[in-house]
Amino acid sequence: MVKSIWIRMVSLLCILGIGLSFCACSGTRRSASMSLSAFGTILYFTLYGPDSQTIEKLGQDLRKECERLETVFSFELDDSDLSRLNLSEGPVKVPSEIIDVLKIALDVGQKSGGALDVTIGSLIKLWHIETNPGVVPDEKDIQTALAHHGMDRIVIDEAQRTVSRTDPDMLIHLGAVAKGYLGYRLRQIVLDHGCSGVLNLGGNLQLCGSKDGADAKWRVGIADPFSPEDVFAELTVGDAAVVTSGAYARFFELNGVRYHHILDPKTGYPSESDIASATVLGPDGAVCDALSTACFILGKDEAINLIAAYPAYSYLLILQDGSVEATDGMEVFIHE
Amino acid sequence: MRSNSRMILSKVAALGLFAAVALVLYIVESLIPSFIPIPGIKLGLANIVTLFLLIRFKPWEAGIVLLVRLVLAAAIAGQMISFLYSLAGGLLCLLSMYLLLIFTKKKWIPLVSITGALFHNFGQLCVARLLLASEYVWTYLPYLMLSGAVTGLLTGLICLFLHKKMPSPETIRGEGMQDPEADNEDAEKK
Amino acid sequence: MSDRKKLFIMLIPIALILIASVLWIILSHNGSPKSGYRVACIYQNGALTEEIRMDSLDQAIEKTIICDQGFNRVRIDKTSVSVFESDCPGKDCTAMGTVESEYRPISCLPHRLVVVIELRDSDPGLDGVAG
């Protein structure tokens with residue numbers, strides 16, 4: 001009697017084992033994951049391709065591009081192209097990437113009434129959010145830094161591929177746009193290799209191609225701003241970038257007040273609005289990145305107006321009271 | 001009265017002897033390097049004594065010897081933590097073996113011993129869970145169950161052997177030195 | 001109650017426990033997850049005090065964890081965790097060596113420390129999370 005129980009258990013185990021191994025070899029597409037550290041955060045890529053060699057080559061090319069763009073856009077590195085620009089006077093020859101990003105930033109900056117401002121580099125430095133958070137700068141220093149910003153102080157000469165800053169104390173910081181642009185570039189590389197995938201760039205998602213090579217869409221989650229380990233809502237998205245701006249990613253607390261990393265160019269302090277997290281989806285990651293930052297600073301009504309000026313882009317705003325505002329017709333599935 | 005105190009004395013001597021044996025077994029097994037470096041895996045050799053006492057003596061006598069052994073072992077090792085650990089394990093082991101011995105009428109000693117060892121390890125794991133306040137300790141459970149079964153079988157077989165081969169029960173119980181007069185006194189009291 | 005019955009009553013639970021233990025051990029050594037990533041987690045007094053994503057580590061990192069009762073030195077690299085030094089009395093933690101599988105904790109009882117590799121899943125089915 002005891003023996004037959006034993007036999008039954010063993011056969012159940014065998015069936016389970018066989019079943020599990022079948023699951024493992026489904027599908028003809030290969031996939032791989034990789035991660036690397038760049039742009040002050042960790043990037044995770046999930047790549048799908050026809051075979052392992054292609055994916056491996058793709059991985060290497062992606063890594064190279066990340067490293068390359070970091071030498072272009074890094075604010076902290078003294079020998080990056082951006083720093084070269086920030087430390088020099090007069091017209092500086094810069095890679096086309098910087099010009100592309102500046103044009104997007106200026107466009108969004110203008111349409112958002114200055115909410116997005118990539119010229120607040122000295123203000124950002126003052127707050128040290130990325131390097132040494134914990135200190136609230138003096139009001140005096142903030143005002144001094146604010147005196148030296150303004151997108152009208154950037155002059156771009158596209159023919160010569162130069163950019164000049166008319167105010168030597170104004171520093172350009174592209175943190176609000178660079179990761180989105182990175183996604184935009186990496187996506188092209190993924191598609192050029194005949195692959196598809198999901199690129200997670202420190203919270204910015206760049207979807208490349210379609211899932212499974214067919215027309216299948218991706219299922220994407222939006223982090224819950226009130227409990228960032230959880231997913232607030234799910235979207236079905238095609239080949240697009242999904243960028244979320246929120247106060248919960250980088251911040252410090254002092255005397256019970258939370259200071260986050262998205263500074264309002266008008267006040268010089270971390271922005272305050274009725275939005276807890278702003279997500280923008282669309283074809284160009286850099287534009288999404290710029291728009292989501294601007295929306296987060298602007299607040300609900302102005303954010304909706306801003307997005308209206310970009311018809312190819314959609315938004316999903318999670319407000320401080322927990323309610324949601326989204327572009328009409330967006331397929332959103334809100335958890336709970 | 002004299003016979004009573006003699007009985008008590010010889011009982012104390014016997015129990016003391018067992019406690020010493022248990023202690024020595026415990027010390028010896030802690031010197032053996034653990035093949036599986038998971039906290040708590042001990043051969044449980046000292047439980048041979050506990051089981052033996054449960055079979056041949058009264059349960060509370062087994063309990064006293066257990067406690068004495070635990071306290072002395074903790075004093076020697078110099079750690080309160082291992083005392084708590086072994087206390088929980090030892091008590092659960094004692095209790096489960098006692099009940100099982102009643103249930104089986106002192107037959108199938110190896111099975112009783114295996115059960116005791118399983119409870120012993122489970123008890124230790126519970127204390128570890130409380131101390132570490134982490135659910136992770138339960139991942140040790142299957143390993144401890146299997147090792148408990150093996151050591152339990154071993155100690156059970158040894159105990160069985162001892163029980164069968166050891167000299168007459170009366171001598172071991174310390175009642176061999178009964179004073180004939182005591183019997184008459186008891187008879188008169190009834 | 002007959003003797004045979006009693007024997008079975010005793011034998012069956014023990015046998016079940018042992019079989020379950022064997023299965024548990026076998027199953028827990030199987031299958032790396034397809035989605036999800038591994039994090040090295042450090043629990044002190046039961047609370048998660050630190051979480052380090054392992055696949056992002058190109059080089060091993062070493063951490064010294066200090067508690068009231070003493071210290072432990074932990075090494076974490078891309079594939080494994082280990083406690084390589086400690087001033088605790090039993091040294092069960094250092095004896096454990098290097099652990100590569102998930103949910104096999106290294107614990108230092110006197111220091112109330114648990115170091116373990118855990119799995120974090122992006123919601124199975126979700127391709128990514130923005131935020």
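The values are calculated or read from the model by the stated rules, or taken from the named source; none is laboratory data. As the structure is a prediction and not an experimental result, all values here were calculated from the model. Note that each Cβ is placed from the backbone with ideal geometry, even for glycine, and that neighbours are counted across all protein chains shown.
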Does A:Lys211 count as crowded, with 21+ Cβ neighbours inside 10 Å, charged (D, E, K, R) and within 14 Å of chain C (Cβ to nearest Cβ)?
no
Which count do you get for residues in region A:277-305 that are of a type in the set (A, V, I, L, M) and surrounded by fewer than 20 Cβ atoms within 10 Å (Cβ to Cβ)?
1
Please go through region A:257-310 and pick out each residue that is in a strand (DSSP E or B) and either within 14 Å of chain C (Cβ to nearest Cβ) or within 18 Å of the chain's Cα centre (by Cα) (or both).
A:His260, A:Leu263, A:Ile275, A:Ala276, A:Ser277, A:Ala278, A:Thr279, A:Val280, A:Leu281, A:Gly282
Has region C:8-16 got any residue that is buried (at least 18 other Cβ atoms within 10 Å of the Cβ), within 14 Å of chain B (Cβ to nearest Cβ) and not β-branched (Val, Ile, Thr)?
yes
Please work out which residue is nearest to the other protein chains (Cβ to nearest Cβ), limiting yourself to region C:78-125 and to residues that are in contact with a Lys or Arg (Cβ under 6 Å, 6 or more places away or on another chain) and modelled with pLDDT of 90 or more.
C:Ser82
Search result, residues across region B:104-137 that are of a type outside the set (A, V, I, L, M, F, W, C), on the phi > 0 side of the Ramachandran plot and without any contact (Cβ under 8 Å) to a residue 12 or more places away in the chain:
B:Lys105
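Being under 19 Å from A:Ser74 (Cβ atoms), of a type outside the set (Asp, Glu), surrounded by fewer than 19 Cβ atoms within 10 Å (Cβ to Cβ) and in contact (Cβ under 8 Å) with a residue 12 or more places away in the chain narrows it down to one residue among A:Gly175, A:Gly202, A:Gly121, A:Gly134; which is it?
Of A:Gly175, A:Gly202, A:Gly121, A:Gly134, the one residue that is under 19 Å from A:Ser74 (Cβ atoms), of a type outside the set (Asp, Glu), surrounded by fewer than 19 Cβ atoms within 10 Å (Cβ to Cβ) and in contact (Cβ under 8 Å) with a residue 12 or more places away in the chain is A:Gly202.
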Of the residues in region A:311-336 that are closer than 21 Å to A:Asp264 by Cβ and under 19 Å from the mean Cα position of the chain (by Cα), the one that is surrounded by the fewest Cβ atoms within 10 Å (Cβ to Cβ) is A:Tyr315
All positions within region B:141-163 that are under 14 Å from the mean Cα position of the chain (by Cα) and within 10 Å of chain C (Cβ to nearest Cβ)
B:Gly152
Against the definition (surrounded by fewer than 19 Cβ atoms within 10 Å (Cβ to Cβ) and more than 8 Å from chain C (Cβ to nearest Cβ)), how does A:Leu186 come out, yes or no?
no
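Let's see how each residue does on (1) within 11 Å of chain C (Cβ to nearest Cβ); (2) closer than 16 Å to B:Leu45 by Cβ:
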site: B:Gly63; (1), (2): no, no
site: B:Ala75; (1), (2): no, no
site: B:Leu100; (1), (2): yes, no
site: B:Thr104; (1), (2): yes, no
site: B:Lys107; (1), (2): yes, no
site: B:Ile114; (1), (2): yes, yes
For region C:59-77, give me the residue count where each residue is loosely packed, with under 14 Cβ neighbours inside 10 Å and in contact with a strand residue (DSSP E or B) (Cβ under 9 Å, 6 or more places away or on another chain).
5
Filter region A:225-256 down to residues that are assigned to a strand (DSSP E or B), under 14 Å from the mean Cα position of the chain (by Cα) and surrounded by fewer than 21 Cβ atoms within 10 Å (Cβ to Cβ), then give me how many there are.
0
Counted residues in region A:105-149 being in contact with a Gly (Cβ under 9 Å, 6 or more places away or on another chain), modelled with pLDDT under 90 and on the phi > 0 side of the Ramachandran plot come to 1
Checking A:Gly59, A:Gly109 in turn, the sole residue that is under 27 Å from A:His149 (Cα atoms), in contact (Cβ under 8 Å) with a residue 12 or more places away in the chain and surrounded by 16 or more Cβ atoms within 10 Å (Cβ to Cβ) turns out to be A:Gly109
Cβ pairs under 6 Å, 6+ apart, first in region A:183-198 and among the basic types (Lys, Arg), second outside any helix (DSSP H, G or I)
A:Arg187/A:Gln206; A:Arg187/A:Cys208
With B:Ala74, B:Ala88 as the choices, which residue is at pLDDT below 90 and in contact with a Ser or Thr (Cβ under 7 Å, 6 or more places away or on another chain)?
B:Ala74
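Applying the selection to region A:157-188, what residues are in a loop (DSSP other than H, G, I, E, B) and either among the hydroxyl-bearing types (Ser, Thr, Tyr) or over 13 Å from the mean Cα position of the chain (by Cα) (or both)?
Scanning region A:157-188 gives A:Glu158, A:Ala159, A:Gln160, A:Arg161, A:Thr166, A:Asp167, A:Pro168, A:Asp169, A:Met170, A:Ile172, A:His173.
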Region C:95-119: number of residues that are assigned to a strand (DSSP E or B) and of a type in the set (Asp, Glu):
1
